[in-house]
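This report concerns only the one structure given below.
Bear in mind these aren't lab numbers, they're just calculated from the coordinates by the rules spelled out. It should be emphasised that the depicted structure is a prediction, and the values quoted were computed from it without experimental measurement. Neighbour counts are summed over all protein chains in view; Cβ atoms, including those assigned to glycine, are modelled from backbone coordinates with ideal geometry.
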Amino acid sequence: MSADDPFDLPVFYLPYPARLNPNVEGARTHARIWAKEMGMLDAPAADGGVIWDEAELERHDYGLLCAYTHPDCGAEALDLITDWYVWVFFFDDHFLDAFKRTRDTAGAKAYLDRIGLFMPIDMSETPEPTNPIERGLADLWERTAPSMSVGWRRRFTVSTEGLLMESLWELANIAADRVANPIEYIAMRRKVGGAPWSAGLVEYAVGAEVPDAIAAERPLKVLRDTFADGVHLRNDLFSYRREVTEEGENANAVLVFERFLGCATQRAAELVNDVLTSRLHQFESTALTEMPLLCAERGVTPPEQLAVALYAKGLQDWQAGGHEWHMRSSRYMNDAADRVLGGPNGLGTGAARVAVSGPRQHSRAPFRRVGPTRLPEIYMPFPLKLSPHTDAGRRHCCEWTARMGMTERDPLVPGSGLWTAQQLASFDFPLCSAGIDPDGTVEEIELSSDWLAWGTYGDDYYPVMFGRSRNLAAAVAQNRRLGRCMPLDMGPVPEAAGPLEAGLADLWERTASGLEETGRAELRRAVEVMLEGWLWELHTAAQNRIPDPVDYVEMRRATFGSDMTMSLARLTTGRLVPDEVYASRPVRELENSAVDAACLINDVFSYQKEIEFEGELINSVVVVEEFLECPKDEAVAVVCDLIRARIEQFELIAQAEIPVVAEECGLEAEARAALDAYVEELRNWVPAILNWHFETSRYREEELRRLPDVGPGSVSAGARPPLPLQRRR
């Protein structure tokens with residue numbers, strides 16, 4: 001480490017050798033000429049100097065970056081891709097100079113609002129450019145989009161606008177001197193960091209587009225997101241000195257870990273590298289174990305499979321080449337890289353620098369004795385409110401679950417009687433409903449309680465019926481049958497084969513019959529997301545694998561039924577709030593903050609039940625134990641800190657950002673009141689979940705030991721939380 005370096009670079013996991021495109025010199029020359037034509041060279045800076053001059057551009061060497069990250073494309077394609085990267089890096093430096101340093105949020109928004117005008121999906125005419133960013137984008141779009149499909153154009157436009165528009169998030173944090181929490185940071189870094197945008201250019205470079213029919217499926221999303229996280233976390237390690245110590249930025253993963261964990265910079269850098277390594281392992285696992293299953297299930301054709309394989313290989317090439325470029329560019333901290341990495345550092349030597357430590361996630365034995373969990377104080381600023389109809393909900397829920405076959409054992413019906421009537425009563429789902437919807441009618445509390453019971457029963461059912469046998473094919477077939485229980489036209493459904501199908505068919509009829517077709521489609525998709533999350537749990541458990549930390553947080557939302565929560569909560573507004581409001585970053589982050597807090601609450605309470613009695617590893621406390629290599633109590637404290645951070649983020653968004661969204665979208669009084677009511681429903685939901693966990697017997701050791709069907713080797717009562725549900729009016 002040199003005197004100016006804040007830490008030693010860690011040993012990186014580098015499984016793929018970097019290769020150099022032979023057209024590198026042509027790309028360098030073309031980039032220099034193009035940048036000058038677009039007005040980027042010698043563009044004036046706020047301090048009277050220039051943002052870039054020719055020497056600065058050559059020091060950054062974006063031609064070398066693109067030659068490393070796209071080693072197989074032709075000269076013309078490499079020139080175009082290099083121009084794209086010159087454009088995006090110039091944007092980053094220009095935005096820093098013009099708006100981040102001056103804290104000019106209004107000017108930044110006006111500047112960014114015009115960007116989308118220069119990327120028309122239909123290739124229509126664009127406005128006259130007024131600055132180098134607009135001029136460069138108009139030229140790049142005209143040279144790129146005609147050769148790509150409409151589906152690619154839409155995806156690439158979304159990622160480009162996210163890359164640019166979410167710079168306002170960075171600007172807001174700088175103005176408030178606020179450092180993001182780890183969960184928030186990973187999600188937002190994908191948008192402002194631009195790697196999803198880079199993944200779109202990979203499709204162009206390899207000459208193979210991801211098929212539209214599967215582009216939104218989990219394996220493709222994971223490939224893109226793990227690629228993005230790998231690119232961004234690596235960049236954060238190399239750019240810490242420039243960004244944090246020289247430019248005053250605070251969007252850097254090393255700084256995030258420093259602040260959140262209260263640790264030294266070197267320790268934070270090592271932890272960031274651990275997450276980077278874990279994300280690369282997740283990329284490999286998804287490509288090898290999930291993509292083939294998706295292709296088989298969806299009937300992906302051989303040419304489409306080849307396109308996906310070329311795309312995955314292109315992402316691997318980018319990871320390897322991006323690292324080599326970081327080692328050479330003057331833009332980053334890399335003076336002592338050769339010595340730190342402890343080995344060869346030239347072209348073609350990447351394979352020699354693979355970190356010696358492999359993934360530890362598969363090494364834990366299940367059914368560890370862990371004992372009761374000592375709970376620290378859990379931050380909860382929202383007051384608990386309860387419906388007066390709790391007892392009525394209890395009576396109804398006991399009757400309904402028995403009628404569906406959940407508490408009445410029938411030897412001829414697989415999966416029936418998974419719970420006893422006593423268990424069901426002690427779980428007390430209506431208490432959770434009463435807190436979620438304190439103003440609900442008797443009928444609403446009853447319906448909500450039934451949804452909670454059904455969702456929890458399903459989450460218990462899948463490990464019992466499919467987890468022990470590791471029969472994922474049977475679980476996929478079950479998902480398909482459940483899908484047929486939710487007809488959008490409200491037509492007849494097949495005869496139910498067990499309580500899970502009977503319960504869903506009944507709930508669908510009672511809930512969806514009062515919705516329009518768009519609402520039914522949204523509700524059905526929300527249930528399907530949860531079912532897919534249950535498959536992910538089975539897949540992960542079959543590998544005896546502790547989940548990757550980022551994948552865990554994101555998939556936990558699915559297994560928890562968060563899409564269901566949000567879908568039904570939105571339906572209570574009667575569509576008064578436009579979809580664009582729900583799709584905005586502040587609203588989505590508000591929802592995710594609430595959901596994450598609730599998921600983490602469940603993990604703390606269910607830790608002993610899951611680890612000791614059910615042999616599970618899919619729990620945030622376990623993930624933290626593995627990641628930080630710390631004891632249980634320390635891991636619980638970290639999880640509780642995350643709960644607090646997510647709730648504080650919820651409060652910040654609700655107070656500072658939701659009013660801005662309402663104003664920018666021009667919401668009338670009625671729509672604004674509906675949005676406020678939605679925020680209030682989420683405020684009710686989080687303390688309701690916490691209160692339920694304190695009161696239910698579902699996680700108490702004495703109850704677990706008393707029940708004859710719970711113990712080592714048994715998965716009879718899953719530890720997932722009740723499916724959260726907002727009321728339908």
Could you list, in their original order, any pairs among Lys109/Lys191; Lys191/Lys313; Lys191/Lys221; Lys36/Lys100 whose Cα atoms are separated by more than 19 Å? Lys191/Lys313; Lys36/Lys100
Explain nothing, just compute: Karplus ³J(HN,Hα) = 6.51 cos²θ - 1.76 cosθ + 1.60, θ = phi - 60°, for every residue of the range 492-498 in order, whole Hz, x for Gly and Pro. x, 10, x, 4, 5, 9, x
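According to the square roots a ≥ b ≥ c of the eigenvalues of the Cα gyration tensor, what is the shape class of the range 471-608, taking rounded for a/c under 1.5, prolate for a/b larger than b/c otherwise, and oblate for the remainder? Numbers along the way, then the final one.
Details: a/c = 2.20, a/b = 1.09, b/c = 2.01.
Verdict is oblate for the range 471-608.
Could you give the length gained on full extension between Asp113 and Gln422, defined as 0.36 nm per residue of separation minus the Cα-Cα distance, in nm?
Values: separation 309, 0.36 × 309 = 111.24 nm, distance 5.86 nm.
Residue separation times 0.36 nm, minus the Cα-Cα distance, leaves 105.4 nm.
Mean residue ellipticity at 222 nm from the helices of the chain, using -39,500 (n - 2.57) per DSSP H segment of n ≥ 4 over the full residue count, to the nearest 500 deg cm²/dmol? Show your work: numbers first, answer last.
Details: 32 runs with 437 residues, N = 729.
My calculation for the chain gives -19000 deg cm²/dmol from helical runs alone.
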Could you tally the net charge around Gly666, taking each other residue with its Cβ under 14 Å from the Cβ of Gly666, Lys/Arg +1 and Asp/Glu -1? -4
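Test of understanding: what is the full-extension gain from Glu517 to Asp8, defined as 0.36 nm times their sequence separation minus their Cα-Cα distance? Intermediate results must be reported in sequence, preceding the final value.
On the way: separation 509, 0.36 × 509 = 183.24 nm, distance 5.73 nm.
Result: 177.5 nm gained on full extension.
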For the range 154-355, the spread of Cα positions along each principal axis, largest first, Å: 51, 41, 28
Inter-label distance, nm, simple model (7 Å from Cα along the C-beta direction), Arg480/Ser147: 4.0 nm
Arrange the following residues from fewest to most other Cβ atoms within 10 Å of their Cβ: Cys66, Cys397. Cys397, Cys66
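Between Leu488 and Val370, what length in nm is gained on full extension when 0.36 nm per residue of separation is reduced by their alpha carbon distance?
Answer, rounded to one decimal: 37.9 nm.
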In nm, the gap between the two label points placed 7 Å beyond Cα toward Cβ at Glu634 and Glu247 is 3.4 nm
With Cα atoms, 0 to 90° folded angle of helix 442-462 axis to the chain main axis: 70 degrees
Taking the Cα atoms only, what angle lies between the long axis of helix 182-193 and the longest principal axis of the chain, rounded to 10 degrees? 40 degrees
For Thr29 paired with Leu294, estimate the spin-label separation in nm (one decimal), with each label point 7 Å from Cα along the Cα-to-Cβ line. 4.1 nm
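So which GluC sites (Glu not before Pro) in the range 375-419 pass both tests, a DSSP loop state and at most 14 other Cβ atoms within 10 Å of the Cβ?
Working: sites: Glu377, Glu399, Glu408; in loops: Glu377, Glu408.
Taking the range 375-419 and a limit of 14 other Cβ atoms within 10 Å, the loop GluC sites (Glu not before Pro) found are Glu377.
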Mind checking the angle between helix 302-328 and the chain's longest principal axis? C-alpha axes, 0 to 90 degrees, to the nearest 10. 60 degrees
Among rounded, prolate and oblate, which fits the range 36-168 when a ≥ b ≥ c are the square roots of the eigenvalues of its C-alpha gyration tensor, a/c under 1.5 means rounded, and a/b larger than b/c means prolate? oblate
To make sure I understand, if each residue's beta carbon is the centre and we count other beta carbons within 10 Å, what order do Met40, Met465 fall in, fewest to most? Met465, Met40
Amide H partners (placed H, <5 Å) of Val50, local residues excluded: Ala45
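Can you put Arg374, Arg241 in order of Cβ neighbours within 10 angstrom, beginning with the fewest?
Values: Arg374 9, Arg241 19.
Ordered from fewest to most neighbouring Cβ atoms within 10 Å, Arg374, Arg241 come out as Arg374, Arg241.
Starting from the Cα gyration tensor of the range 370-446, take the square roots of the eigenvalues, sort them a ≥ b ≥ c, and report rounded, prolate or oblate (rounded when a/c is under 1.5, otherwise prolate if a/b is larger than b/c, else oblate). Don't skip to the answer; put the middle values down first.
Working: a/c = 3.50, a/b = 1.32, b/c = 2.65.
Oblate shape, in that a/c is at least 1.5 and b/c is the bigger or equal ratio.
Given a Förster distance of 30 Å, report the FRET efficiency between Glu532 and Glu580 from their Cβ-Cβ distance, rounded to the nearest 0.05.
On the way: r = 26 Å, r/R0 = 0.86.
After rounding, the FRET efficiency stands at 0.70.
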Using only Cα atoms, what is the ratio of the radius of gyration of the chain to 2.2 N^0.38 Å? 0.98
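For the range 154-355, what is the relative contact order in percent, using Cα pairs closer than 8 Å and at least 6 residues apart in sequence? Numbers along the way, then the final one.
Working: 197 pairs, mean separation 49.9, N = 202.
Dividing the mean separation by the residue count of the range 154-355 yields 25 percent.
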